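Here's the structure we're looking at; comments come further down.
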Amino acid sequence: MLLHLYLRAMSAMATILFDGVAYGMLLFVLACGLAVTLGLMNFVNLAHGAFAMAGGYVTVVLMDRFGLPFLACLPIAFAAAALLGLVLERTLYVHMYGRSPLDQVLFSIGLVFMAVAFVDWAMGSSPQNIKLPAWLQGRRDVFGVQVGIYRSFIIVICGGLALALQLALMRTRFGSRLRAAVDDARVARGLGIPVSTVFAVTFAVGSGLAGLGGALGAEILGLDPNFPLRFMIYFLIVVTVGGTSGIVGPFAASLLLGVADVAGKYYLPALGAFMIYLVMIAVLVLRPHGLFARPR
Amino acid sequence: MDAAALGLVRRARWRWPEVVLWLLAYAALLMPPGKFLILNEIAILALFALSLDLILGYAGIVSLGHAAFFGVGAYTAGLLAKHVTGDPLAGLLLGAAVATVVGFATSLLVLRGSDLTRLMVTLGVAMVLGEIANALPGLSGGADGLQGVTMGPLLGCFDFDLFGRTAYAYSLTTLFLFTLLARRIVLSPFGLSLMAIRRNPLRAGALGVPVNARLIAVYTLAAAFAGTAGALLAQTTAFVSLDVFEFHRSADVLLVLIIGGAGWLYGGIAGAVIYTLLQDGIAAFTPQYWQFWIGLLLVAFVLVGRQRLVGGLYAMLGWARRR
Amino acid sequence: MSVVLETRSLTKRFGGLLATDNVSFQLERGARQALIGPNGAGKTTFVNLLTGVLPASSGEIMLLGDRITTLRPEARVRRGLVRTFQINQLFGDLTPLETLALAVSERVSGGGEWRRRLGAVGSVPAEVEQVAGRFGLLDVLERRTDTLPYGKQRLLEIAAAFACAPQVLLLDEPAAGVPEAERRDILDAIAALPEEVSVLLIEHDMDLVFSFARRISVLVDGALLVEGEPEAIAKDARVRAVYLGDEAHG
């Protein structure tokens, strides 16, 4: 009897762990663009979630109005958000580099407010559903643990993306140019690196990944006009707790946050996100450069 | 008198627009009823923005969670009125006192780190308090808000009327007294040391200013101001809901202060007037999407610059009034 | 002659780098001493250790016989160890009146005073007046600091430090970047500092050093190379090697 209870508790825990990892992976893809702009380029972009929302709504529209299959929508969601990011970076954000954090905060809050009101106007305030294809639905029993198929799908895709990003940042010419540009923009310019192009491309890819995350996450996170504000603090936590010296820290922080959030909501639903905020404050006060940052 | 002494006296002198402003604000009490509710709202928002001005405009602490103290003051006053006594002044004092304690406790968190860390920490504190209120529906009323707040008469003889005349007089007088206090403070050596810290903490320290102690003091003080504003809201609307802690409230007050001009004693009041008039005007034709225009205003503020935009805005208001 | 400021084996490490290397140094009451050294010798780090901007890795700092090694910067100022800054660190949109009143108020009333108007406290206006007069700032008291000629700004920099009533004044390149026409005012102001204030001048400009200092300390690679009278330092072979070598390399 006891053993039975114990096994049930263990399997519930394993399911939570699994869901938490999937959630964390999703958070990583959503937030990694911010990890670069905020963490590396030092730009406080509170509007990052708006790009994720754009990806989500593009998917909804394409599936509902044009009947495109879910998988085909994902690359389009990426491209649409990336394009939006590129245009905004070239026209607006570019004026904000090097401004005071207060200016950047005001500016990006303004963008969020506009995005929220715009989507509300265009799409209505009710939450949107994305109808997953049948083969991605349901759960399967693996060694007694309930494993969601869609969540496995997310883990595979997001895990692959994380790996690709790390390789791109560390092994490609673009990666080394970006690191040089972030390290010292003036020196990089002197070396003939087109710094503003590098920043624009980085911003676009980051926005695109957020858009992809928004499309993938609509099912799990929910999608409504308030999405950018609801998840703003989560993205910021990933970046500040993860630290700013690469994407390994934010990746670890995403996983921690994902598991902690899912477990918290399961075991202590009344507390909500209380613990997470508390942990964030503690980390920020004790280690202002993030949990995983190398001391400078 | 010496040049220095004269200059220091001149620096603290009352200027006539200040006097006119307060006379006008009190003269509004003689108007026929109809606008008192919105005037009351302006007075409360102005006090809240004045509080933010103390830390942001004077001391340079960027906060994204100033609603934390507003909310604490609101719930304290609301709960006191619901469960203990409906005396407004008791609620105002207790609301301010509890907010002061919370402000002092959290002031230690904003001493360290960069502007970004401060942003996150202040935001986090407001979020934590919001979650606590949410997790205690028995106390806070949860999603329905705190119902059944009934206020007794002000000073034992002025009942809160339906039109909000008493409410406005009450909020305005509170705002006036706190502005006097803030005026005193910013013109004092303490206030000057805050201005020095905002501009260059290293240099201020090298002139003997104990930077951390001053930041703790002003953060705590601002929390008391914000708590008072929250208490006023709870008392004059007889209602408190979870949204007192929400991000948009912190963002709005930041916007109000930026519109009116930070680092200037009347920035909060000017911002509150303009913001509320704008909101009222825009809401008249598109109530739902007011947020869009506020967002646009923020973006324009930062991109175009405050000076140029405010000039345009005043011109626009004048134009709208002439029509 | 009594020692007012002293370091004992003061050391500062940044990771593996030894920025201040076992410096034992003394400044006597009323001293007119200069601290010189080639670029990168660690002069700035040494000043930051003295003033408390950086914590020392080991060693002690004594001011007027008290150990101040772990005191916060403002506490050292209150005890009379005050510095000026090499690059302008003034409050650009405040007036000289406000800057000086701030320094005086912090000293006279602890500066935490919030109930009374700035300047309503007893001796503040008179002291501001006196300091401003000494440094020739009376006619610009109510102008924005960043609109003043650079020479006046440098004078205000020294005046603000002087308003803190220093026992020991650290002057960090006080005349750097000042146009020739205004330079004289600054040199005069420095020369006219009261005899009882002990001055340590951190300087590159050898003309200024040799016209001002009665004693010179030479810092090289974070360590004290030699100390002595100006004539002796000028003749010292090691000092010449350091400076000539420095020039030869670049």
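The values are calculated or read from the model by the stated rules, or taken from the named source; none is laboratory data. The shown structure was predicted, so the numbers you read here are calculated from the model rather than taken from an experiment. Quick reminder, even Gly has a Cβ in these numbers, built from the backbone with ideal geometry, and neighbours come from all protein chains shown. When the accessible area is computed, the model is the full protein with side chains, heavy atoms only, and any ligands, DNA or RNA have been set aside. Shrake-Rupley method; radii C 1.70, N 1.55, O 1.52, S 1.80 Å.
Tally the residues that are at pLDDT 90 or above and among the small types (G, A, S), restricting the search to region A:61-107.
Here the count works out to 6.
It is to be established whether one or more residues within region A:38-46 are surrounded by fewer than 23 Cβ atoms within 10 Å (Cβ to Cβ) and assigned to a helix (DSSP H, G or I).
Yes, some residue in region A:38-46 is surrounded by fewer than 23 Cβ atoms within 10 Å (Cβ to Cβ) and assigned to a helix (DSSP H, G or I).
From (1) touching a Gly at 6+ places or on another chain (Cβ under 9 Å); (2) at pLDDT below 90; (3) within 14 Å of chain A (Cβ to nearest Cβ); (4) open to solvent by less than 30 Å² (accessible area, probe 1.4 Å), pick out the condition that doesn't hold for B:V253.
Condition (2) is where B:V253 drops out.
Report every pair of residues separated by at least 6 positions or lying on different chains whose Cβ atoms are under 8 Å apart, first residue within region C:147-170 and under 17 Å from C:A75 (Cβ atoms) and part of a helix (DSSP H, G or I), second open to solvent by 10 Å² or more (accessible area, probe 1.4 Å) and charged (D, E, K, R).
Pairs that qualify, where the first residue is under 17 Å from C:A75 (Cβ atoms) and part of a helix (DSSP H, G or I) and the partner is open to solvent by 10 Å² or more (accessible area, probe 1.4 Å) and charged (D, E, K, R), are C:A161/C:R83.
For (1) open to solvent by 40 Å² or more (accessible area, probe 1.4 Å); (2) more than 7 Å from chain B (Cβ to nearest Cβ), each residue gets a yes or a no:
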position: C:A101; (1), (2): no, no
position: C:W114; (1), (2): yes, no
position: C:L118; (1), (2): no, no
position: C:Q130; (1), (2): yes, yes
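Can you tell me which residue is farthest from B:G73 (Cα to Cα) among those in region B:107-134 that are surrounded by fewer than 24 Cβ atoms within 10 Å (Cβ to Cβ) and among the hydroxyl-bearing types (S, T, Y)?
Here the residue is B:S114.
Considering B:A167, B:A143, B:A196, which residue is surrounded by 19 or more Cβ atoms within 10 Å (Cβ to Cβ) and more than 9 Å from every other protein chain (Cβ to nearest Cβ)?
From the options B:A167, B:A143, B:A196, the qualifying one is B:A167.
So which residues in region B:177-193 are aliphatic (A, V, I, L, M) and at the interface with another protein chain (Cβ under 7 Å from one of its Cβ atoms)?
Within region B:177-193, B:I185, B:L187, B:L192 qualify.
Can we say A:L88 is among the aliphatic types (A, V, I, L, M) and open to solvent by less than 30 Å² (accessible area, probe 1.4 Å)?
The answer is no for A:L88.
For the condition farther than 30 Å from A:V279 by Cβ and open to solvent by less than 10 Å² (accessible area, probe 1.4 Å), what is the one hit in B:G91, B:G78, B:G73, B:G148?
Of B:G91, B:G78, B:G73, B:G148, the one residue that is farther than 30 Å from A:V279 by Cβ and open to solvent by less than 10 Å² (accessible area, probe 1.4 Å) is B:G91.
Any idea which residue in region B:1-24 is most open to solvent (accessible area, probe 1.4 Å), counting only those that are in a loop (DSSP other than H, G, I, E, B) and more than 7 Å from chain C (Cβ to nearest Cβ)?
B:M1
Quickly run through region A:1-37 and pick out the residues that are aromatic (F, W, Y), open to solvent by 10 Å² or more (accessible area, probe 1.4 Å) and touching a residue at least 40 places away in the same chain (Cβ under 8 Å).
A:F18, A:Y23
With respect to the numbered conditions (1) surrounded by 17 or more Cβ atoms within 10 Å (Cβ to Cβ); (2) more than 17 Å from C:P174 (Cα to Cα), which one is the sole condition not fulfilled by C:L81?
(2)
Is it true that A:L68 is part of a loop (DSSP other than H, G, I, E, B) and either without any contact (Cβ under 8 Å) to a residue 40 or more places away in the chain or open to solvent by 20 Å² or more (accessible area, probe 1.4 Å) (or both)?
Yes: the conditions hold for A:L68.
Given A:S196, A:S245, which one is open to solvent by 20 Å² or more (accessible area, probe 1.4 Å), modelled with pLDDT under 85 and either within 15 Å of A:A35 (Cα to Cα) or not in a helix (DSSP H, G or I) (or both)?
After applying the criteria, what remains is A:S245.
Out of the helices (runs of 4 or more DSSP H) lying entirely within region A:98-184, which hold 3 or more residues that are aromatic (F, W, Y)?
Fully inside region A:98-184 and qualifying: A:101-123.
Which members of region B:256-274 meet the condition of being away from chain A (no Cβ under 14 Å) and under 25 Å from B:M127 (Cα atoms)?
The answer is B:G268, B:A272.
Only one residue in A:L212, A:L223, A:L229 is crowded, with 20+ Cβ neighbours inside 10 Å, touching a Pro at 6+ places or on another chain (Cβ under 9 Å) and over 26 Å from A:M170 (Cα atoms), so which one is that?
After ruling out the rest, the residue left standing is A:L223.
Pairs under 6 Å by beta carbon, first residue of a type in the set (D, E, K, R) in region B:80-95, partner open to solvent by less than 70 Å² (accessible area, probe 1.4 Å), six or more apart or different chains?
Note: pairs meeting the criteria are B:K82/B:G148; B:K82/B:V149; B:D87/B:G152.
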